[in-house]
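Working notes for the structure below.
The values are calculated or read from the model by the stated rules, or taken from the named source; none is laboratory data. This is a predicted model, so every value here is computed, not measured. Cβ placement follows ideal geometry from the backbone for every residue including glycine, while neighbour counts extend to all protein chains displayed. Only protein heavy atoms, including side chains, enter the accessible area calculation; ligands, DNA and RNA are left aside. Shrake-Rupley method; radii C 1.70, N 1.55, O 1.52, S 1.80 Å.
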Amino acid sequence: MTETSLYVLQQLINGLTIGSTYALIAIGYTMVYGIIGMINFAHGEVYMIGTYTAFITIIGLFTMGVSSLPVVLLLALMTAIIISSTYGYAIERVAYRPLRGGPRLIPLITAIGMSIFLQNYIRLAQGSRDLAMPALISGGIEFGDPDVFEVSLSWMQLIIWGVTLASMTALALFISRSRLGRACRACAQDLKMANLLGIDTNRIIALTFVIGAALAAIAGVMLGLYYGTINPYIGFMAGLKAFTAAVLGGIGSIPGAMLGGLILGITEAMTAAFFPSEYKDVVAFSLLVLILLFRPTGLLGKPEVEKV
Amino acid sequence: MKLKHGLFGNTLIATGTLIAALNAQADTLKIGIAGPVTGPVAQYGDMQKIGAMMAIDRINAAGGINGMTLEGVIYDDACDPKQAVAVANRIVNDDIRHVIGHLCSSSTEPASDIYEEEGVMMITAASTSPGITEKGYQLIFRTIGLDNLQGTLAAEYIQRNIKPQRLAVIHDKQQYGEGLATTVRDLLAESGTDTVMFEGVTPGDKDFSALIAKLKRNNVDFVYYGGYHPELGLILRQSREKGLDTRFMGPEGVVNSDLIAIAGKAMEGVLATAPKSFDQSPENMALVEAFKERDEDPSGPFVFPAYTAIQVMTEAMGATGKTDPYDLADYLRANRFNTTIGEIGFDKKGDLTEPTFEIYTLHTDGSKTPVSQ
C-alpha cells in the first residue's frame, strides 16, 4: 500500500474509535427524543459521572490489592453502569417527570439546569483538576511498511470497537425482540395511544433514560481509559458532539445515531489529518449546520408527522 | 468607621515623625521595598522582602555604602493596582528615591509611571510582563527574565544541540503557548531550521490520535510544545502508546507534578525551560546558609532576584559615588555585574540581557536535571 493510503487507514482507525463512542452517547439523546420529544442536555454529565465512577472503582480496587485486569475492568464497567443508570433514572424522576405535559421549553431549561448542577456537584466533590486514569491496557499491533508508514492499532481501540459493537447489538436485539423493546417502539410511535393500550408509559420513559445512561457510562469508561485523563467538564463537549451525531443521523432514529456517530468521528479525524487539527471542531459543527440546512431530518430520520 | 480613620491618621503621623527623625541623620539611605504584605499573594511579597533585607543587612555589616547605612522600608500594595499607586505616591512623599518592587505586574505597571515621572529608581524582582519595560522609561529595571525569553532560550538550544531535521511546533492557541511557539518557530527559521509542522490544539481536548498520526507521517524527530501540562501530558501518553518516540520540549508551564500523574513513564526525558533554582547553585551556598540561620526559606523564585536588585543598585552607588537615580541608571546600563543570579547586564529597556531560565530534563520521579548547553 502507498504511504497516503496507510495514513488514511490510520486516521480511519482513529476516527472509528472516537466515532463509536460518540454513537454510544448519542443513543441516549436519540431514544429520549424519540419517545418524549425532548433533548436531555444533562446526558453528557451522565457520561462524565460514568468516567468518575470507573476512576474511583479502579483506584479503590487497586488499593484493595485487586490487580487482575479483567476483574478490574469488568467491575469498573459494572459500577459505572449502575451508578450512571441511577443518575439517569433520578434525573428523569426529579427534573423531567413532574414537568411532563407542560410546554416543551420547560424541560429543556431544567435539563440545562440539571447539567450545570451535576457539573458543579462533581467539581465540588472531586475537585476541578484533571485526574489521571491509570494506564490499564497499553500496547497494540503495528502493521504496514516500517519504512513508509506504520499503522498502529492499540488494544484499547480494539476493545472500544468490540464493546461498542456488543452494546449496539444487544440494544438492537432488545428493541426488536423483547416485550419491553416492543413497548418502547410503541411509545415512540404514539405515546398517548400506547398508554391507552395498557403500556405503563412512565416506566418505558424511565427505561429509555436508564438505557441511555448505561450506554453513556460504557462510553465513559472506555474513553476515560483511552484518553487517560478526566475532569468535571468533559461531559459538556462529549454531550455536544454526541448530540450533533444524533441530529446528523436523524434524531429519534437509533441506527441514525450509530451512523451519525461514526460519520462525525471519521470527519473529525480526516479534518485533523489533512488540515491543522485546530479546525476539527469547526468542520464537525459546520457539517451539522449543512445537514440541517439540506436535510433537516438527518440522514436516517423520518419527517415528523404532526401529531393530532 | 470614624475610629478607624482616626487610628489610620495617627499611624501616618507617627510614621511621619519617625521619617522626619530619620531624615535628620544624613548617613542613612532609605530604600523602599514595595509589594504585597497582606492579601492572597503575601507569601511572594515575603520572598522579595527576605531577599532584599538580607542584602541590606549584609551590606550594612560590611560597612554600608559611601559611608551611609542602608535602611529598608516596607510598603504594602496588597498586589492591588490602586493601592500600588497610593504606595508609589507615599514613597515619593517620603522622599525615598530607590525602590525594590513592585511584585505583581499589574501593580508594577501603574506604579512605574509615577516613579519615572518623579525621578525614583525602581527595580522589580518579580514582574515578568513585557509591557513594564516597553515604555522607554529611564529608571525602571528588572532582575527577572521575561516569559518570552524562554522561547529564545529554547530556540537557541534546539538549534545548537538538537539540530532537528524535521521539527514540529505545537501550541494550545492561547496567548502564552502560541506566543512561545511562534517565537521558537521564527527564531529557528532565521537560523535555518524549518518547521515542517506548526499547528494548534484545542485546550481541554482529550483526543490527540489524529495529531499523533500526523506527527508520525511527517517523520518528525523533535517537537516543541507551547502550552501547559494537561495537553502535553496527554499528547505524550498517547504518543508513546501509538509508538511515537520523538523527544518533546516545553516551557515552564508544563513543569508540574501533574505532568507525571497524567503521562506517567511517557514524560521521562522531556526537556523544559524553567527558572533557575538559585538556591541550588554552589556560589550561593554561604548565602543559603545565612538565610537558614535566620529561619528563612531561600528557595522562593523571587528571593535571589530581590537580593540582586539591592546588590546592583548599591554597586552602582559605590562605583559612581552618587545616589542620584539617573546616574545610577546610566551605570547599570553601561556595566556588567557579578551577582547571586549570575553575571548579568541590562539592556536599553532595563531588562536583563541574559535569561534567568535554564533548560532541564524532567524525570518520572519529579526531579529535574540541568542540561549542559
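Working only within the range B:268-285, note down all residues that are of a type in the set (A, V, I, L, M, F, W, C), in contact (Cβ under 8 Å) with a residue 12 or more places away in the chain and surrounded by fewer than 23 Cβ atoms within 10 Å (Cβ to Cβ). So that I can check it myself, show each step before the final result.
The first filter runs over the range B:268-285 and keeps only residues of a type in the set (A, V, I, L, M, F, W, C), leaving B:270-272, B:274, B:278, B:285.
Those left that are additionally in contact (Cβ under 8 Å) with a residue 12 or more places away in the chain: B:270-272, B:274, B:278.
Listed by number, the residues that qualify are B:LEU271, B:ALA274.
Could you list, in sequence order, all residues of the range A:277-300 that are more than 14 Å from chain B (Cβ to nearest Cβ), surrounded by fewer than 14 Cβ atoms within 10 Å (Cβ to Cβ) and of a type in the set (Val, Ile, Thr)?
Result: A:VAL289, single match.
Say whether the condition of being of a type in the set (Ser, Thr, Tyr) and either more than 14 Å from chain B (Cβ to nearest Cβ) or in contact with a strand residue (DSSP E or B) (Cβ under 6 Å, 6 or more places away or on another chain) (or both) is met by at least one residue in the range A:41-49.
Here is the first cut: in the range A:41-49, the ones of a type in the set (Ser, Thr, Tyr) are A:47.
Those left that are additionally either more than 14 Å from chain B (Cβ to nearest Cβ) or in contact with a strand residue (DSSP E or B) (Cβ under 6 Å, 6 or more places away or on another chain) (or both): none.
No, because not a single residue in the range A:41-49 is of a type in the set (Ser, Thr, Tyr) and either more than 14 Å from chain B (Cβ to nearest Cβ) or in contact with a strand residue (DSSP E or B) (Cβ under 6 Å, 6 or more places away or on another chain) (or both).
Can you tell me which residues in the range A:95-109 are within 22 Å of the chain's Cα centre (by Cα) and surrounded by fewer than 20 Cβ atoms within 10 Å (Cβ to Cβ)?
A:ALA95, A:LEU108, A:ILE109
Please work out if A:GLY37 is open to solvent by 10 Å² or more (accessible area, probe 1.4 Å), away from chain B (no Cβ under 14 Å) and closer than 19 Å to A:ALA245 by Cβ.
yes
Picking from A:LEU191, A:LEU207, A:LEU264, which residue would you name as being in contact (Cβ under 8 Å) with a residue 60 or more places away in the chain, hydrophobic (A, V, I, L, M, F, W, C) and either within 23 Å of A:ILE82 (Cα to Cα) or within 14 Å of another protein chain (Cβ to nearest Cβ) (or both)?
A:LEU264
All but one of (1) in contact with a Leu (Cβ under 9 Å, 6 or more places away or on another chain); (2) open to solvent by 50 Å² or more (accessible area, probe 1.4 Å); (3) free of Cβ contacts under 8 Å to residues at least 40 places away in the same chain hold for B:ASN93, so report the exception by its number.
Every listed condition holds for B:ASN93 apart from (1).
State the number of residues belonging to the range B:317-341 that are in a strand (DSSP E or B) and at positive phi.
0
Would you be able to tell me the number of residues in the range A:114-163 that are touching a residue at least 24 places away in the same chain (Cβ under 8 Å), within 11 Å of chain B (Cβ to nearest Cβ) and part of a helix (DSSP H, G or I)?
Residues flagged as touching a residue at least 24 places away in the same chain (Cβ under 8 Å), within 11 Å of chain B (Cβ to nearest Cβ) and part of a helix (DSSP H, G or I) within the range A:114-163 amount to 2.
Determine if the range B:223-241 includes at least one residue that is surrounded by fewer than 22 Cβ atoms within 10 Å (Cβ to Cβ) and at the interface with chain A (Cβ under 10 Å from one of its Cβ atoms).
Within the range B:223-241 (the criterion being surrounded by fewer than 22 Cβ atoms within 10 Å (Cβ to Cβ) and at the interface with chain A (Cβ under 10 Å from one of its Cβ atoms)), the answer is yes, since at least one residue qualifies.
Using beta carbons and a limit of 7 Å, which pairs, at least six apart or on different chains, have the first residue in the range B:110-133 and among the polar types (S, T, N, Q) and the second one in a strand (DSSP E or B)?
What qualifies is B:SER112/B:MET122; B:SER112/B:ILE140; B:THR124/B:ARG142; B:SER127/B:ARG142; B:THR133/B:ILE140; B:THR133/B:ARG142.
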